[in-house]
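**Student:** Sharing a structure below in C-alpha cells format, with a few things to ask.
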Amino acid sequence: MAILDILVYPDPRLAQISSPVEKFNDELLSFIFDLEETMRAGPPSVGIAAPQVGHFERIILVDVSSKPKIPNHGRLTLINPNILCKQGSMVGREGCLSVPEYTGNVSRAEKITLQALNKEGKSLNYNMEGFEARAVQHEIDHLDGLLFLDRLVSRRSSLFIRKVYK
Amino acid sequence: MSNWYMLTVVGRDRPGIVSQVTLAIYKGGGNLGEASMVRLGGNFSIMLMVHYEGTAELLEKLISPVGDKLHLHIHIVSIKGALHQRLEPDVRISIYGADRAGIVAETTGVLVEAGLNILNLESDVGGSPTNPIYIMEIDGAARNGVDSIRLALDSVAKGKNIKISVTPINTLMG
Ligand SMILES: [Zn+2]
C-alpha cells in the first residue's frame, strides 16, 4: 500500500505510450490498489491513468459517481480499454492532476461504446455518455501520451446545451 | 510589493499590435501572466498581467514607443493580484431573442440578485436591421447554486419572446 507520486507536466514521461497489460496477477492487483489510493488521496478527481504515476501499462480508473445526477457505471477499473464507437461531440471543461492550476475547454465524443478488461482479465462492454464518457476519453489519452492541452478549443466556444427553457 | 501590473491597450485594430507590445515587454525584462484580447467593431483591446521588477513609469517607457507608433491608448496600474486567482465558472447561460434591446440590462440585473458572479459576458446583434436578434452568453459562478439561477431566469422569460438555456459547467479533473 502506497500513495504514488504523480508526474507533472513538462515531465517527458507523460508523452510515453503505454503497453497493454498481459499478466493478470497479484502484482497487478496491488498496483491497482495503490493507483486507487493515490487517486483518492489527491485533489478531488474522477479518474487517473497508470502513466500519471510513471507506470506505463494500459490501466485507467474512472469513478464519476460522486457527481450528482450523472449517468454512470460506478467505480471502474478499465484495462487495455478500447473505444469501439464514438457518437456526437460536446465541449466541456477539463483539468488534470498532471497539469496543476489550469483548466480549458476540450471537445470529446458525447457517447462511446467501450470494451475493456476488468481486474480478472474478463472482457466487458460499456455504453457511456456525457461526463463519464468524457472522463474515459481523458484517461485513455494519457495511455497514448496525450494531455488535454493537446486538444484545447477556445475558452469562448459554446458548451453543449442540454436544456432549453421557454 | 507584488510587481504585477495590469496593462490595458486599446486602439484601432491593425496587424502586429500583440507581437510588438509583447516584444517590447519581453526585451525590457517583463514577463506575461494571464492575457485576454478582444476585437470589437474594428477596435482592439487587450488586458495583460505583466510581471516587472521596475516601476510603472519604467514599464510605461518601455511600451510607449510602440504605443505612439501604432496610436494606442495604454493604461498601466500596479495590482495586488497574482496568477491563479481567477474564479472557475460553474454555469453557462445563453439567451437569445428578437426585439429585446434591453436584454442585457434586464437579465444581468436578475442574475446578480440570484447570486451570480459574472466572469465572462459576450453579446451580439444578429439578424437584419429591421429584425434584429439579440444574443448573449454569460459564464459565471453561481454562489447560491444553479437552480436559483434557473428560477430567476424563468421569471424573466415569462411571457417574452426569448429563449434561455442554463448549462452547468462541470469541470472534469482526471
Ligand atoms: Zn489527466
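Please treat every number below as a calculation from the coordinates, not as lab data. Note that the coordinates shown come from a computational prediction; the quantities given were computed from them, not determined experimentally. Using ideal geometry, Cβ is built from the backbone for each residue, glycine included, and neighbour counts are taken over all protein chains shown.
**Student:** Order of B:151-158, A:8-15 by packing, highest average Cβ count within 10 Å first?
**Tutor:** On the way: B:151-158: 15.1, A:8-15: 13.0.
Result, highest mean first: B:151-158, A:8-15.
**Student:** Please list, in chain and number order, the residues 5+ apart from residue B:173 or on another chain whose amide H is under 5 Å from its amide H, with Hs placed from the backbone.
**Tutor:** Amide H neighbours of residue B:173: A:46, A:95.
**Student:** Taking K and R as +1 and D and E as -1, what net charge do the other residues with C-beta under 12 Å from the C-beta of residue A:101 add up to?
**Tutor:** With Lys, Arg at +1 and Asp, Glu at -1, the net is -1.
**Student:** I've got another one for you. Name all residues of region B:1-20 having a backbone nitrogen under 17 Å from the label point set 7 Å from the Cα of residue B:43 along its Cα→Cβ direction, giving them as ranges.
**Tutor:** B:8-14
**Student:** With θ taken as phi - 60° and the coefficients 6.51, -1.76 and 1.60, list the Karplus ³J(HN,Hα) couplings across region A:93-102 in order, rounded to whole Hz; mark glycine and proline as x.
**Tutor:** 8, 10, x, 8, 4, 8, 9, x, 6, 7
**Student:** Output ³J(HN,Hα) for region B:124-140: one whole-Hz value per residue in order, computed from phi by the Karplus curve 6.51 cos²θ - 1.76 cosθ + 1.60 with θ = phi - 60°, and x for Gly and Pro.
**Tutor:** Working through the residues one at a time gives 8, 10, x, x, 10, x, 7, 10, x, 10, 9, 10, 9, 10, 10, 10, x Hz.
**Student:** In debye to the nearest 20, how big a dipole does region B:91-168 give about its Cα centre with +1 on each Lys and Arg Cβ and -1 on each Asp and Glu Cβ?
**Tutor:** Value, rounded to 20: 180 debye.
**Student:** Calculate the FRET efficiency for residue A:111 and residue B:75 from the Cβ-Cβ distance with a Förster distance of 41 Å, rounded to the nearest 0.05. Don't jump to the answer; show the numbers that get you there.
**Tutor:** On the way: r = 48 Å, r/R0 = 1.17.
Once rounded, the FRET efficiency stands at 0.30.
**Student:** With charges set only on the Cβ (+1 for Lys and Arg, -1 for Asp and Glu), what does the dipole of chain B come to about its Cα centre, in debye to the nearest 20?
**Tutor:** That gives chain B a dipole magnitude of about 220 debye.
**Student:** Pull up all non-local amide H partners of residue B:120: gap of 5 or more, or a different chain, and H-to-H distance under 5 Å with H placed in the peptide plane.
**Tutor:** Under 5 Å from the amide H of residue B:120: B:139.
**Student:** Let me ask something else about it. Quick one: net charge of residue A:5's neighbours, Cβ under 14 Å, K/R +1, D/E -1?
**Tutor:** Taking every Cβ under 14 Å from that of residue A:5, the sum is -2.
**Student:** Let me ask something else about it. Quote the charge dipole size of region A:1-126 about the Cα centre in Debye, to the nearest 20; the model charges only the Cβ of Lys and Arg (+1) and of Asp and Glu (-1).
**Tutor:** Dipole size: approximately 620 debye.
**Student:** Taking square-rooted eigenvalues a ≥ b ≥ c of the alpha carbon gyration tensor, is region B:4-79 rounded, prolate or oblate, where a/c under 1.5 means rounded and, failing that, a/b exceeding b/c means prolate? Mind dumping the intermediate values first?
**Tutor:** Working: a/c = 1.84, a/b = 1.51, b/c = 1.22.
Taking the square roots of the gyration eigenvalues as a ≥ b ≥ c, region B:4-79 is prolate.
**Student:** Per 0.36 nm of contour for each residue apart, how much would the distance between residue B:57 and residue B:32 grow if the chain were fully extended, relative to their Cα-Cα spacing?
**Tutor:** In short, 7.2 nm is gained.
**Student:** Considering the Cα trace of region B:1-151, what is its radius of gyration and what is Dmax, both in angstroms?
**Tutor:** Answer for region B:1-151, Rg first and Dmax second: 19.0, 54 Å.
**Student:** Could I ask something else about it? Modelled label-to-label distance, residue B:171 and residue B:157, 7 Å Cα→beta-carbon offset: nm?
**Tutor:** 2.7 nm
**Student:** How big is the gap, in Å, between the Cα center of region A:1-54 and the Cα center of region B:1-74?
**Tutor:** 43 Å
**Student:** Something else now. Take each of the peptides A:117-128, B:138-149, average the number of other beta-carbon atoms within 10 Å over its residues, and list them starting from the highest.
**Tutor:** B:138-149, A:117-128
**Student:** Taking the dipole about the Cα centre of region A:12-161, with the C-beta of Lys and Arg at +1 and of Asp and Glu at -1, give me whichever of A:45, A:128, A:116 is farthest to the positive side.
**Tutor:** A:128
**Student:** OK, next. At 0.36 nm per residue, minus the direct Cα-Cα distance, what do residue A:19 and residue A:151 gain on full extension? Give it in nm, one decimal, please.
**Tutor:** Computed gain between residue A:19 and residue A:151 is 45.3 nm.
**Student:** For the pairs B:27/B:61; A:67/A:111; A:67/A:122; A:69/A:119, flag any whose C-alpha to C-alpha distance is greater than 22 Å.
**Tutor:** A:67/A:122; A:69/A:119
**Student:** For residue A:46, what charge total do you get from the other residues with a beta carbon under 12 Å from its beta carbon, if Lys and Arg give +1 and Asp and Glu give -1? Intermediate values should be presented prior to the final figure.
**Tutor:** Details: positive: A:40, A:67, A:75, A:134; negative: A:63, A:94, A:132, A:139.
Around residue A:46, the surrounding residues sum to 0.
**Student:** Show the residues, 5+ positions off or on another chain, whose built amide H is closer than 5 Å to the amide H of residue B:133.
**Tutor:** For residue B:133, the qualifying residues are B:126, B:127, B:128.
**Student:** Oh, and also: Please give the average number of partner chain Cβ atoms lying within 10 Å of the Cβ of each residue in B:162-171, rounded to a whole number.
**Tutor:** Average per residue, whole number: 6.
**Student:** Please list 3J(HN,Hα) in residue order for region A:131-141, calculated via the Karplus relation 6.51 cos²θ - 1.76 cosθ + 1.60 where θ = phi - 60°; whole Hz, with x for glycine and proline.
**Tutor:** Running phi through 6.51 cos²θ - 1.76 cosθ + 1.60 with θ = phi - 60° gives 4, 5, 4, 4, 4, 4, 5, 4, 6, 5, 4 Hz.
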